[in-house]
Amino acid sequence: IKNINIRIIKSKLLMLVFSLNTMLCFSQISPISDGNWQDPAIWPGSQIPGNLDDIVIPSGTTISLTGNISVKSITINGTLRAISGADIQVMTEWIMVMGNTALFEIGTALNPFDAAHNCTITLTGLDGGDEIMGMGDKFIGAMNGGNIEFHGQQKVSWTNLGADVNSGTNQITMATPVDWTVGDEIVIVSSSFDWDEAEQRTITAISIDSLTLTLNTPLNYPHSGTTNTYTRSSDNKTWTADLRAEVGLLTHNVTIQGDAISTTNGYGGHIMCMPSSTINASSIELYRMGQKGELGRYPWHWHHVHLAGAGQYFKNSSVHHSFNRAITIHGTSYVNVENNFFYDHIGHGIFLEDGSERYNTIKNNVVLLSKRPL
């Protein structure tokens, strides 16, 4: 009995030492009033938080997200709202939006984030085995009634070529005008049986009529931009085969991404919506997301939201270079996944996890370069 008691005491001492070390390494900080994140006056000691700090925004408090921010984590029980008018860069290990009063907002459906600027959230870190409130690590999550709204500048998500393209050219003609800009990254889908002939390029110039795009490097393969009409001689019935290659937009001015090291270890960020919570997105970019081989760690994931999925959506957006699928609908009904461009992902593109998911709208998406896991 003495030996058991000694072991218990030692165990408690170890736990105490661990807790003290944790307290010494990281500090939990809450703003003392509403205001702009970059205003020292809203923080204890008039000190803007740093990259070792865990931030908690209390219920009833509204903080404006601006400028460059680097912290260990952010828990939102109140409101964190991105302010247009300048670029925003956030680097953090995870963001939890938790509680019925919790809102994380980057633009709204009616007033998207400022078209002249970018908002980028980079999720950082290695797989340390953390299991934070059932979401693992390196994530943005909504639970217990939390609400996430991400809305970037509204742009054409994808369209088709308007004319055939030969290999060696650095110009393409679109079927309809596009609202893309110089510097945007696009993908021209393969027109052959070889999926690897899809080609990613950067736009360097756009014609006045927004139909002709100049690319940073010539294309390596031909791509179709025509339709073929056929007539059956027996009854003159006609039909048209649309053989035009799709061209999709990868870049948006609201980006959620894993850090650069994600590429080497496949441990990207992930976004997860738990029961009774809400996540909506339009015209955003998810890049280097998903965690390779990890169950439930996908770029965008509705998890057992059930009938409360009604009205939630992921639209007009891109998911590319993902390490674990693109969109997962798990135990959730009535969500809308529409008009997106999903490119280069390990595993399924759009994944219904249980087969019990009903009444979801999955429409007008382009999904390519789905890779079988090793």
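The values are calculated or read from the model by the stated rules, or taken from the named source; none is laboratory data. From a predicted model like this one, the values you see are computed outputs, not experimental measurements. Neighbour counts are summed over all protein chains in view; Cβ atoms, including those assigned to glycine, are modelled from backbone coordinates with ideal geometry. Protein only, heavy atoms only, side chains kept; ligands, DNA and RNA dropped before computing areas. Shrake-Rupley method; radii C 1.70, N 1.55, O 1.52, S 1.80 Å.
Which FRET efficiency value, to the nearest 0.05, is calculated for D87 and N51 with the Förster distance at 22 angstrom and r the Cβ-Cβ distance?
On the way: r = 19 Å, r/R0 = 0.86.
The value I calculate is 0.70.
Given a 10 angstrom Cα cut-off, can you work out which residue in I88, I32, I284 is the most mobile in a GNM of the chain?
The residue with the greatest mean-square fluctuation here is I32.
Can you give me the distance in nm between label points at T202 and S276, each placed 7 Å from the Cα along the Cα-to-Cβ direction?
4.7
Using a cut-off of under 12 Å, list every residue of region 212-235 whose amide N is near the label point 7 Å from the Cα of N170 along the Cα-to-beta-carbon line.
Inside the label zone: 214-219.
Out of all DSSP beta bridges with both ends in region 188-344, state the antiparallel percent to the nearest 5.
On the way: 11 of 34 bridges.
Taking every DSSP beta bridge with both residues in region 188-344, the antiparallel ones total about 30 percent.
Express in whole angstrom the spacing between the alpha-carbon centres of region 195-245 and region 256-294.
Their Cα centres are 31 Å away from one another.
If exposed means no more than 16 neighbouring beta carbons inside 10 Å and the site is in a DSSP loop, what's the longest run of the chain without any exposed trypsin sites (Lys or Arg not before Pro)? Before the final figure, lay out the partial values.
Details: sites that count: R232, K237, R358.
With trypsin sites (Lys or Arg not before Pro) excluded where exposed in loops, the chain gives 1-231 as its longest stretch.
Counting DSSP beta bridges in the chain, what percent are antiparallel, to the nearest 5?
Values: 24 of 110 bridges.
Counting DSSP beta bridges with both partners in the chain, the antiparallel share is about 20 percent.
Using the Cα atoms of region 183-337 to build a convex hull, what is its mean projected area in square nanometres? Spell out each step's value before the answer.
Details: hull surface 54.9 nm².
The Cα convex hull of region 183-337, projected and averaged over all directions, gives 13.7 nm².
Work out Dmax and Rg for the chain from the C-alpha atoms and quote the Rg first, both in angstrom.
Using the Cα atoms of the chain, the pair Rg, Dmax is 23.6, 97 Å.
Anything over 18 Å Cα to Cα? Flag those among K292/K371; K72/K315; K155/K315; K72/K138, in the order listed. Working shown, then result.
Working: K292/K371 12 Å; K72/K315 30 Å; K155/K315 11 Å; K72/K138 10 Å.
Beyond 18 Å: K72/K315.
Take every Cα-Cα distance within region 157-263, group them into 10 Å bins from 0 onward, and report for each bin the whole-number percent of pairs it holds.
All Cα pairs considered, the percentages come to 14, 41, 26, 14, 4, 1, 0.
Per residue, how many Å² of accessible area does the chain show with a 1.4 Å probe? Write out the running numbers ahead of the final one.
On the way: 17260 Å² over 374 residues.
Accessible area per residue: 46 Å².
Would you work out which of A175, S233, N220 lies farthest towards the positive end of the dipole of region 167-287? Charges go on Cβ: Lys and Arg +1, Asp and Glu -1.
S233
Quick one: putting +1 on the C-beta of Lys and Arg, -1 on the C-beta of Asp and Glu, what dipole do you get for the chain around its Cα centre, in Debye to the nearest 20? Please report the intermediate quantities before stating the final value.
Details: 21 positive and 33 negative charges, 218 e Å.
I would put it at about 1040 debye.
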